[in-house]
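Enquirer: The structure is given below, and queries will be raised subsequently.
The values are calculated or read from the model by the stated rules, or taken from the named source; none is laboratory data. Computed from a predicted model, the values in this text were never measured in an experiment. Note that each Cβ is placed from the backbone with ideal geometry, even for glycine, and that neighbours are counted across all protein chains shown. Accessible surface is based on the protein model in full, side chains and every heavy atom, while ligands, DNA and RNA are left aside. Shrake-Rupley method; radii C 1.70, N 1.55, O 1.52, S 1.80 Å.
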Amino acid sequence: MASLLISYKPLTFSIRFTNSFLRRYSPSRLTPSSTTTTNAASSFILRRCFASSQPSINTSSSSSSSSSSSFNAIQSPPPLTLHNTLTGKREVFKPKVEGKVGMYVCGVTAYDLSHIGHARAYVAFDVLFRYLNHLGYQVYYVRNFTDVDDKIIARANELKEDPISLSRRYCEEFHRDMVYLHCLPPSVEPRVSDHMPQIIDMIKQIIDNGCAYTIEGDVYFSVEKFPEYGKLSGRSLEDNRAGERVAVDSRKRNPADFALWKSAKEGEPFWESPWGPGRPGWHIECSAMSATYLGHTFDIHGGGMDLVFPHHENEIAQSCAACSQSNISYWIHNGFVTINGEKMSKSRGNFLTIRQVLDLYHPIALRLFLMGTHYRSPINYTVVLLESASERLFYIYQTLHDCESTLSQHGAEIPKDAIPPETVEIIQNFSSEFSVSMSDDLHTSVVLAALSDPLKTINDLLHTRKGKKQKLRIESLAALEKIIRDVLAILGLMPTNYSEILQQLKEKALKRAKLTENEILQKVVERTAARNNKEYEKSDAIRKDLASLGIALMDSPEGTTWRPTIPLALQELEIAST
């Protein structure tokens, strides 16, 4: 039975977003403790920007932190530098409009649940978004959804579902993943299906400027008409042979020419255009939507390293062909994710969705793991590394929870001159490390490592004899806790409640160990009895058995408690591999 073609009517040229849309994905819905807020009027209109090279950016995301003392404020950072793929160099960041930043990040093709490669990309750009906010910039962050694509159509046909409906469903699933990972919502999230007039308008402009041609309802970009083609990726036209990430079509003038518009095929959704019914090619959508919301010149365009060619290379070509004024200052790309040293691939059976990881690990543990490697470097996903991130996260929050519990008994405001010099030095060193490392192309791994000193100092003050006797101990704890909390908030690692997330981390550990809390408590009772009876071999065996499952027993004068740890076998494997 023949499939029916589905025709979609394009929207009008102005897109209006109501306040309900903004509230739905406002930062306050992520964590109440988030330091970033979005201010918007009750409604606003985002206009077509083809007529102007730089529209005004009228929606802000600003970072604020209440503080009773300027001493605890993070030090003024040096100038921000970012690695620019276009130049291959690290450059001082200078926005086109002082105090304002326009940033476009390529979003997902919504046809399935997102994988950990997506998590890597959007956590990386969330960190950039947050840090720009911290620096005081008014950031207009655009991240699109591709909801018209060959993969979507194929999946929809497989499920006998409308392609747009299927894509809409997976867009919502993506939103859930981003909330889990503490990724702030962008200022706007345009979708291809809502922007056909803008896409068609840009294609017409490219044709009018002599840089594209039509063949039987298809429109192709002529790469030979753009002499700078290859300037982002460093590839020459000779490198772009048909069949190697470039569609094979004998009708094309040059094998490297790419589709701007595809004529309608049986069973596919289509939109009317001057060239007949069809749908846009992949690359044109981002050029059209970035121009719509940010103008033809803006500050940052980002995405995964895999998008450098052909996607971003083609974006540059078609954007410049549509408007000679087109200029994006910084092209930023994050590195790949491998699984146990191998490229992630469904065919290899090592493909992991975000949901699969979150089934056993806390989402903030995944975020911490991803931030533990510089965003441009490749990152290797292994169970032992995620276990290590989960254990580290528990240590951070347990330390802060213990500190908060002690401080709750002392509500007085802490004046600057009441903090001991050695505590001042630790805070200043950490603050400096944070500002310098983040401004140096977002070296989050260095910042996370630098947490060790202030956390150790807090634990010494809380739990050692010497620390408990230190003068101005409570004042030191308050100052240390605040600087750590401020940094975690900027990095998107601040939970709503320490007790709550510690319990969640324990629940994940229990699930991985396939144990219940009652079973562990029963083991603790058995071990205590063994120790009382001087059956130390049995006592040690119980501890080791639990440690092998990722459960560490902690003895103290108050009794025995437990916490998640890296399973013993994985610890031994890690030691053997180093």
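Enquirer: Considering the range 358-378 alone, what residues qualify as being of a type outside the set (Asp, Glu) and over 14 Å from the mean Cα position of the chain (by Cα)?
Expert: Across the range 358-378, the qualifying residues are LEU358, LEU360, TYR361, HIS362, SER377, PRO378.
Enquirer: Being aromatic (Phe, Trp, Tyr) and either touching a Pro at 6+ places or on another chain (Cβ under 9 Å) or at pLDDT below 95 (or both) narrows it down to one residue among TYR397, TYR361, TYR375, TYR330; which is it?
Expert: Just one listed residue meets the conditions, TYR397.
Enquirer: In the range 282-309, what count of residues is obtained for those that are under 18 Å from MET202 (Cβ atoms) and at pLDDT 95 or above?
Expert: 17
Enquirer: For the structure I just gave you, tell me whether ASN334 is among the polar types (S, T, N, Q) and open to solvent by 10 Å² or more (accessible area, probe 1.4 Å).
Expert: no
Enquirer: Name the single residue, out of those in the range 145-197 being in contact with a strand residue (DSSP E or B) (Cβ under 6 Å, 6 or more places away or on another chain) and under 18 Å from ILE354 (Cα atoms), that is surrounded by the fewest Cβ atoms within 10 Å (Cβ to Cβ).
Expert: Per the stated criteria, the residue is CYS171.
Enquirer: Something else now. Search the range 75-89 for residues being among the β-branched types (Val, Ile, Thr) and surrounded by 15 or more Cβ atoms within 10 Å (Cβ to Cβ), and hand back the single one that is farthest from ARG376 (Cα to Cα).
Expert: Selected residue: THR81.
Enquirer: Moving to a separate point now. Has the range 153-167 got any residue that is touching a Pro at 6+ places or on another chain (Cβ under 9 Å) and under 29 Å from LYS231 (Cα atoms)?
Expert: no
Enquirer: Another question, then. Suppose we filter the range 382-401 for residues that are farther than 16 Å from GLN571 by Cα and open to solvent by less than 50 Å² (accessible area, probe 1.4 Å); how many remain?
Expert: Final tally of qualifying residues: 7.
Enquirer: If you take the residues in the range 443-463 that are open to solvent by 50 Å² or more (accessible area, probe 1.4 Å) and more than 31 Å from the chain's Cα centre (by Cα), which one is modelled with the highest pLDDT?
Expert: Only one residue tops the list, namely ASP460.
Enquirer: Filter the range 90-142 down to residues that are of a type in the set (D, E, K, R) and part of a loop (DSSP other than H, G, I, E, B) and give me whichever is most open to solvent (accessible area, probe 1.4 Å).
Expert: Looking at residues that are of a type in the set (D, E, K, R) and part of a loop (DSSP other than H, G, I, E, B), I get GLU98.
Enquirer: Can you name the residue in the range 481-521 that is closer than 21 Å to LEU181 by Cβ and among the acidic types (Asp, Glu) and is also nearest to the chain's Cα centre (by Cα) among such residues?
Expert: Applying the filter and picking the extreme gives ASP486.
Enquirer: For the range 339-355, name all the residues that are surrounded by fewer than 17 Cβ atoms within 10 Å (Cβ to Cβ) and over 17 Å from the mean Cα position of the chain (by Cα).
Expert: Selection gives ASN340, GLY341, GLU342, LYS343, SER345, LYS346, SER347, ARG348, GLY349, ASN350, PHE351.
Enquirer: If TRP271 passes every condition in (1) in contact with a Ser or Thr (Cβ under 8 Å, 6 or more places away or on another chain); (2) closer than 20 Å to ASP150 by Cα; (3) crowded, with 23+ Cβ neighbours inside 10 Å but one, which one does it miss?
Expert: Unmet condition: (3).
Enquirer: Taking the residues in the range 482-534 that are in contact with a helix residue (DSSP H, G or I) (Cβ under 8 Å, 6 or more places away or on another chain) and in a loop (DSSP other than H, G, I, E, B) as candidates, determine which candidate is surrounded by the most Cβ atoms within 10 Å (Cβ to Cβ).
Expert: GLY492
Enquirer: Keeping to the range 535-571, report how many residues are open to solvent by less than 70 Å² (accessible area, probe 1.4 Å), assigned to a helix (DSSP H, G or I) and either closer than 21 Å to LEU393 by Cα or without any contact (Cβ under 8 Å) to a residue 12 or more places away in the chain (or both).
Expert: Looking only at that region, the number is 8.
Enquirer: Scan the range 198-254 for residues that are acidic (Asp, Glu), open to solvent by 50 Å² or more (accessible area, probe 1.4 Å) and modelled with pLDDT of 90 or more and jot them down.
Expert: Selection gives ASP208, GLU216, GLU224, GLU228.
Enquirer: Quick one: would you say ASP440 is over 29 Å from ILE551 (Cβ atoms), open to solvent by 20 Å² or more (accessible area, probe 1.4 Å) and at pLDDT 95 or above?
Expert: Against the criterion (over 29 Å from ILE551 (Cβ atoms), open to solvent by 20 Å² or more (accessible area, probe 1.4 Å) and at pLDDT 95 or above), ASP440 qualifies.
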